[in-house]
């Protein structure tokens, strides 16, 4: 697990309080709106996302940058590769 | 026997066009909207079209609408969902003393979970004072819930004044608009609300469907955990025919609202004036002017509201004593208590809610029968005899 701090992002997707498996459905849709190499920040309070999102990135050919944990939620960073 | 239905706040008949729109979604388009084949995806598209219709009726965007099973569920999701999602920001909630039970009891539930809940008093017309709201806000306040209009007394609250106070302080503002959507113009941006509940019951849609408007991806803790329906905010396979019915009813309401308001207001005024002319010792409840167009509510001295309803029923006239779910409890209405009505007078509460389908002839029939029923009941009342003797 790679941890980051204050990573810059081009867009934020707030999935706090949203039920599983939204964390695997919405990032793909949101990445469609970004350009190559732009970074998406995903906010979630779902623990399962910590394993699921890196695996999803690998499967979909996107780069998983890392995770930051704050008081409210997890922040996961994905770079759009394709 | 003639039937005059004047309890549209409790339920409205489902309109023919609404039933026709719903019918294909029972058998022909039966697919589960969460499936990826066309039998399911066409149903999902239909749900999203209804979302747009409901959004249009209240000046919102389709993405900001969650379908629920009722107005009560929408109120629960708004109050509990918003409070629980903001628990780390504060633990104080403000709701008015005259809210529907689905808001009041959600507040009481949150009290048991260590939230602090303030029940804001109202004046004799049922109005919430914006200054009083401002004084009640603390650094811990995370949510305010005040209904758009009260279903028992018809008073319309100054929502935009109240919501602007909350917006300045970053406090989420919810309004229960079950009584107003479809009965008067409702625009979420003009009202400045973050959350707004509505129900199919008052729109000519079937029972068992409602919706919650939520602004800008506002965080809401789901009440029902499960799958991906309603964008992961409300699990459970959708009530597709009900949602289609709500969408069609919303479409019709958007088109017909200005005419309907004019019509029901005329009938309401006719009814109010007629009752005042014909029956002594009657008190109008709620605000004289800031009230729902089709809503007339009274307290009749020396009468039990339930007896009145049953006698009117025998004449084919259908009204209510207050909210549909509270009228069976034979308990003094908390709304009437909150506006300072004496408990004995509150027993004689009666509420007429007029719809676009009612006619002047029907109102004339009520004005013929209602005074006779009151007279008959009062002739048996020792309280009335004392009033007359005094």
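The values are calculated or read from the model by the stated rules, or taken from the named source; none is laboratory data. Bear in mind the structure is a predicted one, so any value in this text is a computation, not a measurement. Positions of Cβ are generated from backbone atoms using ideal geometry, with glycine treated the same way; all protein chains shown enter the neighbour counts.
Here are the numbers:
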item: Meets criteria (closer than 24 Å to residue B:264 by Cβ, outside any loop (DSSP other than H, G, I, E, B), touching a strand residue (DSSP E or B) at 6+ places or on another chain (Cβ under 7 Å) and modelled with pLDDT of 95 or more) for residue B:196; result: yes
item: Residue A:76 vs. criteria more than 14 Å from every other protein chain (Cβ to nearest Cβ) and closer than 30 Å to residue B:236 by Cβ; result: yes
item: Flag if residue A:20 is more than 11 Å from the chain's Cα centre (by Cα) and within 14 Å of another protein chain (Cβ to nearest Cβ); result: yes
item: Filter result (surrounded by fewer than 22 Cβ atoms within 10 Å (Cβ to Cβ), more than 13 Å from residue B:77 (Cα to Cα) and touching a helix residue (DSSP H, G or I) at 6+ places or on another chain (Cβ under 9 Å)) within the stretch B:206-228; result: B:207, B:208, B:215, B:216, B:217, B:228
item: Unique match (being at pLDDT 95 or above and surrounded by 20 or more Cβ atoms within 10 Å (Cβ to Cβ)) among B:85, B:97; result: B:85
item: Filter result for the condition that a residue is part of a loop (DSSP other than H, G, I, E, B), more than 14 Å from chain A (Cβ to nearest Cβ), under 30 Å from residue B:285 (Cα atoms) and touching a helix residue (DSSP H, G or I) at 6+ places or on another chain (Cβ under 9 Å), over B:203, B:270; result: B:203
item: Residue in the stretch B:134-149 that is in a helix (DSSP H, G or I), out of contact with any helix residue (DSSP H, G or I) (no Cβ under 6 Å at 6 or more places or on another chain) and closer than 22 Å to residue B:167 by Cα present; result: yes
item: Qualifying positions in the stretch B:232-242 - surrounded by fewer than 16 Cβ atoms within 10 Å (Cβ to Cβ) and either more than 7 Å from chain A (Cβ to nearest Cβ) or in contact with a strand residue (DSSP E or B) (Cβ under 8 Å, 6 or more places away or on another chain) (or both); result: B:236, B:237
item: Condition broken by residue B:109, with the remaining ones in (1) surrounded by fewer than 16 Cβ atoms within 10 Å (Cβ to Cβ); (2) without any contact (Cβ under 8 Å) to a residue 24 or more places away in the chain; (3) in a helix (DSSP H, G or I) satisfied; result: (2)
item: Selection status of residue A:29, surrounded by 16 or more Cβ atoms within 10 Å (Cβ to Cβ) and either within 14 Å of chain B (Cβ to nearest Cβ) or in contact with a strand residue (DSSP E or B) (Cβ under 6 Å, 6 or more places away or on another chain) (or both); result: no
item: Matching residues in the stretch B:262-288 - criterion: being without any contact (Cβ under 8 Å) to a residue 12 or more places away in the chain and touching a strand residue (DSSP E or B) at 6+ places or on another chain (Cβ under 9 Å); result: B:269, B:276
item: Which listed residue is assigned to a loop (DSSP other than H, G, I, E, B) and out of contact with any helix residue (DSSP H, G or I) (no Cβ under 7 Å at 6 or more places or on another chain), from B:127, B:77, B:104, B:84; result: B:127
item: Conditions (1) under 25 Å from residue B:233 (Cα atoms); (2) in contact with a strand residue (DSSP E or B) (Cβ under 9 Å, 6 or more places away or on another chain); (3) modelled with pLDDT of 95 or more: number failed by residue A:18; result: (3)
item: Condition check for residue A:11: within 14 Å of chain B (Cβ to nearest Cβ) and either touching a helix residue (DSSP H, G or I) at 6+ places or on another chain (Cβ under 6 Å) or within 17 Å of residue B:85 (Cβ to Cβ) (or both); result: no
